[in-house]
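Novice: Mind looking over this structure? Questions follow.
The values are calculated or read from the model by the stated rules, or taken from the named source; none is laboratory data. Note that the coordinates shown come from a computational prediction; the quantities given were computed from them, not determined experimentally. Cβ sites come from the backbone with ideal geometry, for glycine too, and all protein chains shown count toward neighbours.
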Amino acid sequence: MTSPASEHLTELPVNVRPKPGETTDSYIRRLARANHLRPSYLHCFLAGPPFWFGKPRLERLAALSGRPQSTLQRVLFDASSPRGRTKPNPRNLRIRTHKALTQDGLDMTFAIQHDALDGNTTVRAIAQRWEVPRWLVRRVLDSAVVPDRTAPRHRPKINAQTEQQVNAMIESGMGPKEIWKELMDTHDVSVSMGSLLLRRTSQRRREPGDQ
């Protein structure tokens, strides 16, 4: 992969619209497939050297997608923060006080955000699932309200199926880079390289020593 540092980036032929609350990696996967590219390749190209597997650079994504950087910052869940973390916006924290976002002591904010991450669930479907007005779902996704960390959440952070897939790939002898690409290109899953390295190290430590 050549260095993109000095290249003039041209907008990709097929324009893909980002969905509110979608993660950057999810948008990159949809953009890549619409333009017949491997998601892992486009992700690495957008991240650039020396951190090919790190967080994609938003200005590069804006250039290739034809979307203003300000729009991506507003719409994408993790565009303005380290991967996997919400964008803090104190002006919008009052949204959480809306009674519809707290049901039976559970924080609906996290559930709403979680359902929107892969870009496959519509606002209407999310609103129906959690019995929250559509306008409030849009407000939560647009403002990226930080969920209340003291309230119980509906969804586990780690997907058990992905964990099993990763463990199986490690046992088969695949390296972290191979696993990362396989998850991105085949399973539509984004896992940080650091997590894969730690998981491989941990699994190797549990293996019996050579006889």
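Novice: Given the options LYS181, LYS157, name the one that is of a type in the set (D, E, K, R), out of contact with any Gly (no Cβ under 8 Å at 6 or more places or on another chain) and modelled with pLDDT of 85 or more.
Specialist: After ruling out the rest, the residue left standing is LYS181.
Novice: Something else about it: Please identify the pairs in which a residue from segment 36-63 that is free of Cβ contacts under 8 Å to residues at least 40 places away in the same chain has its Cβ atom under 7 Å from the Cβ atom of a residue that is part of a loop (DSSP other than H, G, I, E, B) and of a type in the set (A, V, I, L, M), counting only partners at least 6 apart or on another chain.
Specialist: LEU58/ALA79
Novice: Which one is farthest from ALA160 (Cα to Cα), of the residues in segment 172-187 that are without any contact (Cβ under 8 Å) to a residue 60 or more places away in the chain and in contact with a helix residue (DSSP H, G or I) (Cβ under 6 Å, 6 or more places away or on another chain)?
Specialist: Residue satisfying both the conditions and the ranking: PRO176.
Novice: Taking the conditions exactly as written (at pLDDT below 85 and either within 30 Å of TYR41 (Cα to Cα) or not assigned by TED's automatic domain parsing to the domain that holds LEU42 (or both)), does THR150 satisfy them or not?
Specialist: Yes; evaluated as a whole, the condition is true for this residue.
Novice: Specify the residue that is farthest from GLY119 (Cα to Cα); the eligible residues are those in segment 166-206 that are in a loop (DSSP other than H, G, I, E, B) and of a type in the set (A, V, I, L, M).
Specialist: If we take residues in segment 166-206 being in a loop (DSSP other than H, G, I, E, B) and of a type in the set (A, V, I, L, M), then MET174 is farthest from GLY119 (Cα to Cα).
Novice: With ARG124, ARG129 as the choices, which residue is over 21 Å from ASP25 (Cβ atoms), at pLDDT 80 or above, surrounded by fewer than 18 Cβ atoms within 10 Å (Cβ to Cβ) and of a type outside the set (Asp, Glu)?
Specialist: When all the criteria are applied, what remains is ARG124.
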